[in-house]
C-alpha cells in the first residue's frame, strides 16, 4: 500500500505536468497568433520571426519538461531541488525574453503601455501547481528582479519608480501564491492521510466491513486495541455442504458460495454488523463491535430472518440448488481488538459468547430448526413470537442454556 509520501510525490509530479502543459499551450497559442500581429501592426518580418522564435522556444522547453516529468513519474522519483529552482528562474527568463521580443516587435513604449510585464503573473499563478511555497517565492522574486531590470532597460533608465513598483507587485504576487500553495498542500496531505487511515481500517477488517462502518471508524479515530464490550455474535452454517461439494467441481462450489454469501454479507452490513470470519461453509458475524450499538441483538435477529428469507427466495428462483442454513445467536461480554503481527493483523472477538453462539447454532440440527437464540438475545431484541424451548445442555458446558426458537 503506497504511503502518504509516495502519494504526495505522485500528486506533485502530476500537478507539475498540468502546469507545464498549460504553459506549453499558452506559448503555442502565442506562437501562432502574436507574429501575425507584428506583421499587421508594423509589417516587420524580422519582428515576427523574433516573436515566433521566442514563443516557439518557450513552447518547446515546456514540452521537454512535460516529457521529463513523465519519466520521473514512471520511475517514482522526484525532480532534484536544484533543477526545480533553476527551472523557476529559467521560466521567468523566458517571460523576459518574450517581453523583450514584444518590445522589439511593437516598440518599447508600446510594450510598456500595454503592460506586457504582466505576463510574469501567468508564471507566478501557475507556480501554485508546484505545491511548494519556496518555489512560488523563488518564481515571484525572480520575476520581480527581471521585470525591474527589463523595465529600466526599455525606458532607458528613466522609469525607476514604475520599475520598482512593478517589481514589488510581482514579489507580492509570489508571496500571495506561496500562502495559497501552503493551504493547498495542507489540504492535499490531509486528504492522503484520511485515505491512508481508511485503508488501514480496511486492511484490518478485510472486505468484511461496510464502507459506512469504515468511514465511521476513520471519523471517530477509533483505536482498535483490546477492549471489553457487549456484543451479539451470529454463527451461520450451510447444511450438508460436505455432501454437496464432494459431488461437484471446485469452480461450481465456489460459484455457489459466492452466490449465497453475497446477499448475506450485504444484509449483515445493512444491519450494522460485520462479517468477522468466513468458515468455509458458513461465517461468524458480530454486531455491536467495533462500533457500539444499543440495538445489537435486534439487528442480529433481523439480519438472520432476512438471510433466511433471501435463501428461500434464491432457491425458489432457481439461482441456487435447494439449500438450508442454520443460525445461532448469543450475546454477552467479549474482548474485541486486533491480533497478529505488524505485517498481518485481524480484528477478532474473543470470549465465551463466541463459543456459545457456535454451540447454539449446532443445536439447530437436533431440533430441525433454522434460527435459535439465547435468552439474553431474546430479552434484548424485544421481538415477539419467539418460542422458548427451555434449558438445554450444550456441549462443553456444565450448566444448561435457555434457548428460544425464532425459525
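The values are calculated or read from the model by the stated rules, or taken from the named source; none is laboratory data. Since we're looking at a predicted model, the values are computed, not measured. Don't worry about glycine lacking a Cβ; one is built from the backbone with ideal geometry, like all the others, and counts go over all protein chains shown.
Run residue 352 past the list (1) closer than 23 Å to residue 395 by Cα; (2) surrounded by 15 or more Cβ atoms within 10 Å (Cβ to Cβ) and report the number of the one that doesn't hold.
(2)
Mind checking whether some residue in the range 120-137 is more than 42 Å from the chain's Cα centre (by Cα) and either under 30 Å from residue 347 (Cβ atoms) or in the same structural domain as residue 99 (by TED's automatic domain parsing) (or both)?
No, the range 120-137 has no match at all.
Can you pull out every residue in the range 296-339 that is more than 20 Å from residue 281 (Cβ to Cβ) and in a loop (DSSP other than H, G, I, E, B)?
Within the range 296-339, 318 is the sole residue that qualifies.
Going by the structure shown, is residue 63 at pLDDT 80 or above, assigned to a helix (DSSP H, G or I), assigned by TED's automatic domain parsing to the domain that holds residue 24 and touching a helix residue (DSSP H, G or I) at 6+ places or on another chain (Cβ under 9 Å)?
Yes, satisfied.
Among the numbered conditions (1) outside any helix (DSSP H, G or I); (2) at pLDDT below 70; (3) under 24 Å from residue 303 (Cα atoms), tell me where residue 222 comes up short.
For residue 222, the exception is condition (3).
With the requirement that a residue be over 18 Å from residue 231 (Cα atoms) and assigned to a loop (DSSP other than H, G, I, E, B), what does the range 350-382 give you?
368, 369, 370
Conditions (1) outside any helix (DSSP H, G or I); (2) buried (at least 17 other Cβ atoms within 10 Å of the Cβ), marked per residue:
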| residue | (1), (2) |
| --- | --- |
| 231 | yes, yes |
| 235 | yes, yes |
| 242 | no, no |
| 251 | no, no |
| 254 | no, no |
| 264 | no, yes |
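In the range 273-312, what residues are farther than 21 Å from residue 350 by Cβ and either outside the structural domain of residue 370 (by TED's automatic domain parsing) or touching a helix residue (DSSP H, G or I) at 6+ places or on another chain (Cβ under 6 Å) (or both)?
Across the range 273-312, the qualifying residues are 281, 298, 301, 303, 306, 307, 310.
Just to check your reading of the model, which residue among 55, 72 is surrounded by 12 or more Cβ atoms within 10 Å (Cβ to Cβ), in a helix (DSSP H, G or I) and at pLDDT 85 or above?
72
From (1) more than 34 Å from the chain's Cα centre (by Cα); (2) more than 13 Å from residue 237 (Cβ to Cβ), pick out the condition that doesn't hold for residue 348.
That leaves (1) as the condition not met.
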